[in-house]
1. Consider residue 277 against the criteria (1) of a type in the set (Lys, Arg); (2) at pLDDT below 85; (3) surrounded by 22 or more Cβ atoms within 10 Å (Cβ to Cβ): it satisfies all of them except one. Which criterion is unmet?
2. Select, from 338, 345, the only residue that is free of Cβ contacts under 8 Å to residues at least 40 places away in the same chain, open to solvent by 70 Å² or more (accessible area, probe 1.4 Å), assigned to a helix (DSSP H, G or I) and out of contact with any Pro (no Cβ under 6 Å at 6 or more places or on another chain).
3. Could you list, in sequence order, all residues of region 279-307 that are under 13 Å from residue 231 (Cα atoms) and among the charged types (D, E, K, R)?
4. Go over the candidates 232, 226 one by one and state the one that is closer than 22 Å to residue 87 by Cβ and of a type in the set (Ser, Thr, Tyr).
5. Check residue 152 against each of (1) of a type outside the set (Ser, Thr, Tyr); (2) within 30 Å of residue 38 (Cα to Cα); (3) loosely packed, with under 15 Cβ neighbours inside 10 Å and name the one condition it does not meet.
6. Has region 190-209 got at least one residue that is of a type in the set (S, T, N, Q), open to solvent by 40 Å² or more (accessible area, probe 1.4 Å) and in a helix (DSSP H, G or I)?
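The values are calculated or read from the model by the stated rules, or taken from the named source; none is laboratory data. Source: prediction; values computed, not measured. We place every Cβ from the backbone using ideal geometry, glycine too, and count neighbours over all the protein chains shown. Surface areas here come from the heavy atoms of the whole protein model, side chains and all, with no ligands, DNA or RNA. Shrake-Rupley method; radii C 1.70, N 1.55, O 1.52, S 1.80 Å.
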Amino acid sequence: MTDAPEDNSSRIRNLQNQVKEALAESSQETSAAPQTTPIDQMVAISKDIVLTSNKLQSVETLSAPTREESVEEARKILRWLRNMEFTDRSMEEWLDHGSLQVVVAKKTAIQKLTHIFAAHLHQARLQNLERLNDAAIENARDAVSAMALTIAEHTSNLLPDNHPELARLDDMIDDIPERALMRQAQPVTRLLDTVELGLEHATGKEVSEVSAANRLLVISDRVQASAYELQSIKPFEPPAREESLEMARDILHKLKNMSFGDKPIEEIIANARPEAKAAFAGQLEELVDTYRNLLTEAAQLNPNILQDYRIKEANNAVGQFAYAVKLMAAKEIPASAAATQQIAADVTQMPEQWGDLHNRTVNRLLKSAEAGLEKAIEDLAQQQQEQQEAAEAQDMIEDALQNTDQAKRKKKKRRGSSGSGSKSRSGKGGKKQRKQHQDMTADDYVLKQGRFSEDARFAQNDFQITMPGLKPEDMDAIRKLGLSLRDIGNQLKDLSSTVATVSVNDKITPDDKTVSQRILEAEQQKHQPNGPTRT
């Protein structure tokens with residue numbers, strides 16, 4: 001009995017030593033294994049999502065899942081993603097928020113959701129090929145491709161230029177179908193709703209935690225709000241995002257090809273299954289949302305588009321759809337008195353023309369919506385063309401100005417490198433210089449100065465020869481008269497140039513100089529070395 005405490009203590013010491021040895025071995029194994037960084041994790045996730053999303057376009061290329069992908073797991077992932085912040089933004093903006101670990105978690109969740117969807121599509125292919133042609137499944141495939149494209153691009157932007165996986169990832173991005181571009185601008189919630197609905201149609205089970213009836217009620221409220229906004233005369237707020245024109249046409253095409261497209265609205269309200277109504281309402285909400293954003297964008301630059309009859313008819317068709325979805329929701333919620341009363345109140349307050357659904361088929365209303373949608377698309381395309389032409393014209397002007405500036409610089413350089421240092425004699429400056437030179441030459445000739453001083457005697461003799469019989473005093477008188485006439489002509493020229501610069505508002509300055517003083521000053525200016533001064 002006395003040996004028991006010693007045995008216990010020894011066992012404890014042995015156990016402690018074993019734990020220490022195990023921890024040491026574990027730490028050695030961990031240090032020997034390569035550490036995976038968040039960037040490396042995102043590269044692996046992005047490549048896997050792109051590969052899986054591309055296989056979704058051809059379901060026969062999908063392989064059997066390695067484990068059972070449950071709907072319950074998809075429901076948990078969708079709940080977790082929807083509870084995150086910024087899900088009302090595009091996926092690109094959504095991924096920009098959070099630490100690297102949080103971003104890895106977001107991308108991992110999308111990766112798991114993609115695998116679940118792919119697994120159930122593979123199972124649906126084995127059971128029923130017709131189900132794969134469902135519009136909801138096609139939309140879900142496009143939504144997954146859009147998410148894969150955004151995730152891969154986000155990862156590529158984080159990689160340094162020398163990363164070994166960058167070129168491979170960029171090549172995989174180029175292989176993603178262009179249809180993925182249509183949904184890239186959609187908010188995360190819209191993409192998740194689309195994948196959820198496609199998963200429900202692929203499995204035949206309810207994936208959403210919200211029943212089809214409650215989903216109808218929520219959608220009807222949103223469509224109603226959009227219909228009232230389109231009917232409002234107030235200026236539209238700028239659209240939340242730039243819509244894809246191809247996306248709008250694609251949604252419209254799928255709605256027109258639904259199985260009950262040629263049936264009256266009233267028959268669908270009365271007889272369609274709740275799931276079918278919810279799927280139709282979801283597609284319809286997406287169309288209305290896209291049309292509203294496109295029309296808002298077009299009206300920013302051309303408010304007159306709101307007065308077009310096609311736009312008015314399309315807006316009225318949206319109101320009728322809102323009325324119909326409200327009735328669908330009322331049909332599916334008879335047990336909720338509060339919800340039914342609210343629906344009744346909403347329907348009563350709607351414009352009377354919205355309730356005119358008698359013999360109105362889905363395709364007939366879609367035709368009106370299509371005309372307004374095409375008008376908005378046409379107007380946007382024209383505005384984009386005009387903006388492009390204006391941008392091209394501006395580029396041409398800037399190029400021309402740049403070429404002109406370069407030519408001026410080259411011309412100035414040629415002038416500066418001539419070596420003479422003299423300015424050009426062409427133009428108005430050259431004419432003015434030649435005129436001054438002629439006046440100075442005439443003054444020298446008449447006054448017998450400068451280069452004409454040595455020829456004064458010969459000039460006088462020539463003058464006497466040409467005019468015989470005149471006395472010397474007569475010649476002096478003629479010479480003085482000529483000088484006086486010349487002075488008068490010069491004064492007239494100066495006067496004309498001075499008068500040309502005189503304005504009506506100019507003040508008259510007093511001149512107290514005598515005639516003799518002015519003549520003296522004129523004679524002094526003539527005999528200056530640089531010639532007469534022009535004022």
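1. Of (1) of a type in the set (Lys, Arg); (2) at pLDDT below 85; (3) surrounded by 22 or more Cβ atoms within 10 Å (Cβ to Cβ), only one is false for residue 277: (2).
2. 338
3. Once the filter is applied, which keeps residues that are under 13 Å from residue 231 (Cα atoms) and among the charged types (D, E, K, R), region 279-307 yields only 292.
4. Selected residue: 226, the only one of 232, 226 that is closer than 22 Å to residue 87 by Cβ and of a type in the set (Ser, Thr, Tyr).
5. Going through the list (1) of a type outside the set (Ser, Thr, Tyr); (2) within 30 Å of residue 38 (Cα to Cα); (3) loosely packed, with under 15 Cβ neighbours inside 10 Å, residue 152 breaks only (3).
6. No, region 190-209 contains no residue that is of a type in the set (S, T, N, Q), open to solvent by 40 Å² or more (accessible area, probe 1.4 Å) and in a helix (DSSP H, G or I).
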